[in-house]
1. Scanning the range 195-210 for residues that are in a loop (DSSP other than H, G, I, E, B) and either open to solvent by less than 60 Å² (accessible area, probe 1.4 Å) or touching a residue at least 40 places away in the same chain (Cβ under 8 Å) (or both), which turns out nearest to PHE240 (Cα to Cα)?
2. Write out, first by first residue and then by second, each pair whose Cβ atoms fall under 8 Å of each other, whose residues are 6+ apart or on separate chains, and whose first residue, in the range 233-257, is touching a residue at least 60 places away in the same chain (Cβ under 8 Å) and under 24 Å from GLN270 (Cα atoms) while the second is of a type in the set (A, V, I, L, M, F, W, C) and buried (at least 17 other Cβ atoms within 10 Å of the Cβ).
3. Working only within the range 241-255, note down all residues that are outside any loop (DSSP other than H, G, I, E, B) and not aromatic (Phe, Trp, Tyr).
4. Using the structure shown, decide if GLY201 is over 30 Å from PHE52 (Cα atoms), at pLDDT below 95 and small (Gly, Ala, Ser).
5. Hey, among GLY221, GLY264, which residue is on the phi > 0 side of the Ramachandran plot and more than 19 Å from the chain's Cα centre (by Cα)?
6. Scan (1) in contact with a strand residue (DSSP E or B) (Cβ under 6 Å, 6 or more places away or on another chain); (2) modelled with pLDDT of 95 or more for the single condition GLN270 breaks and write down its number.
7. I'm checking my understanding of the structure. Among residues of the range 267-310 that are basic (Lys, Arg) and more than 25 Å from GLU190 (Cβ to Cβ), which one is least open to solvent (accessible area, probe 1.4 Å)?
8. Kindly list, by first and then second residue, each pair from a residue in the range 259-278 that is part of a helix (DSSP H, G or I) to a residue that is of a type in the set (Gly, Ala, Ser), limited to pairs with Cβ atoms under 6 Å and residues at least 6 apart or on different chains.
Amino acid sequence: RRVHGELKNTFMKIIALLLVLVTLDIVISKSDYYRLLGVQRNADDKTIKRAFKKLSLKYHPDKNRDNPEAAKTKFVEIANAYEVLMDPEKRKIYDQFGEEGLKNGGPGGPGGQGGYQNYNFDDMFSSFFGGRGGGQHFEFNMGGGQRFQRGGGQHFHQQEQQQQQEDFWAQSDVFTLEMGSLSKFYRRNEVWLILFYNARGDSNFKQIKDVWRELAEKLYGVLKVAAVNCEEDSEVCEEFEIYETPKVKVYSANIRSDGFIYNGPFEYKQIASFGIAQMESFVQIVNQENIGNFFKQEEDKYHIILFTAK
């Protein structure tokens, strides 16, 4: 009995210890900014930025419609972590004193986590990556009397725009699809033709560019012609499961569509036909039995009938 009692006590102590460790792990996971972003403590800015972009795509507002509040909460956590780790002063305070150091201001620190909780999810996302026309201005309460301002996705794009040598789609109808403009795609109500390219890596890029500009011009108003630069937005290309370029995918107006890869020659006629084939048909066969009902459908709109012997 004595041995049995000792074993029982030992077992209970082990269970209690495991519970403490599990609880501690959960707390650490939530508060450890490096673990939140999935990076090492010595990660450089490039690694942190890439990790944040990938997680931002995962918790994009239009990909989490079933549970938007949970997605917003997660995005707030990773946004707070990103804000701290990308700021040298805040990161130094966090590494020395943890979250408490930030909440208390630390030795000259900024004070507190990011106060994003009361802001619209779309506004939060576009404040980091743009996509709202570039003129939006947002101000977030960072706690401790500090405020953090950003406008129109300037955080990522100022340096990237300086490094960009050429706007390949200037003065064209090609829609540039990037992190900040993904909502346009996720909320689409028309067919999208998307080119995934690498201007420096694709040997025949000049031909590709000319064909794509022609497609956008001639199919304007019929379907959306877009392009993603996989050299600059590799995370977006990975989101579309594109790992080599050039690639063309077409997506129907159905937002649940997974899209189809185009494998034919890179020529205007063939690509245009491939895209148009995904358009929804509104043509009805009219005869004596149903012509009355045909005119009753959407009576406020014009009805066009083609008479043919075919």
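The values are calculated or read from the model by the stated rules, or taken from the named source; none is laboratory data. All values reported here derive from a predicted model rather than from experimental measurement. Virtual Cβ from ideal backbone geometry, glycine too; neighbours counted across all protein chains shown. SASA here: full protein model, heavy atoms, side chains in, ligands and nucleic acids out. Shrake-Rupley method; radii C 1.70, N 1.55, O 1.52, S 1.80 Å.
1. Of the range 195-210, the ones in a loop (DSSP other than H, G, I, E, B) are 198-204.
This time we only want the ones that are either open to solvent by less than 60 Å² (accessible area, probe 1.4 Å) or touching a residue at least 40 places away in the same chain (Cβ under 8 Å) (or both), so: 198-199, 201-202, 204.
Numbers: ASN198: 15, ALA199: 18, GLY201: 19, ASP202: 19, ASN204: 22 Å.
Only one residue tops the list, namely ASN198.
2. TYR251/PHE185; TYR251/VAL191; TYR251/TRP192; TYR251/ILE194; SER252/VAL191; ALA253/VAL191
3. Going residue by residue through the range 241-255, those that are outside any loop (DSSP other than H, G, I, E, B) are 247-251.
Result: LYS247, VAL248, LYS249, VAL250.
4. Spelling it out, it is not the case that GLY201 is over 30 Å from PHE52 (Cα atoms), at pLDDT below 95 and small (Gly, Ala, Ser).
5. Exactly one of GLY221, GLY264 is on the phi > 0 side of the Ramachandran plot and more than 19 Å from the chain's Cα centre (by Cα), namely GLY221.
6. Evaluating GLN270 over (1) in contact with a strand residue (DSSP E or B) (Cβ under 6 Å, 6 or more places away or on another chain); (2) modelled with pLDDT of 95 or more leaves (1) as the failure.
7. Applying the first criterion (basic (Lys, Arg)) to the range 267-310 yields 269, 296, 301, 310.
Next, only the ones that are more than 25 Å from GLU190 (Cβ to Cβ) stay: 296, 310.
Numbers: LYS296: 139, LYS310: 224 Å².
Restricting to residues being basic (Lys, Arg) and more than 25 Å from GLU190 (Cβ to Cβ), the top hit is LYS296.
8. Correct list of pairs: GLN270/GLY264.
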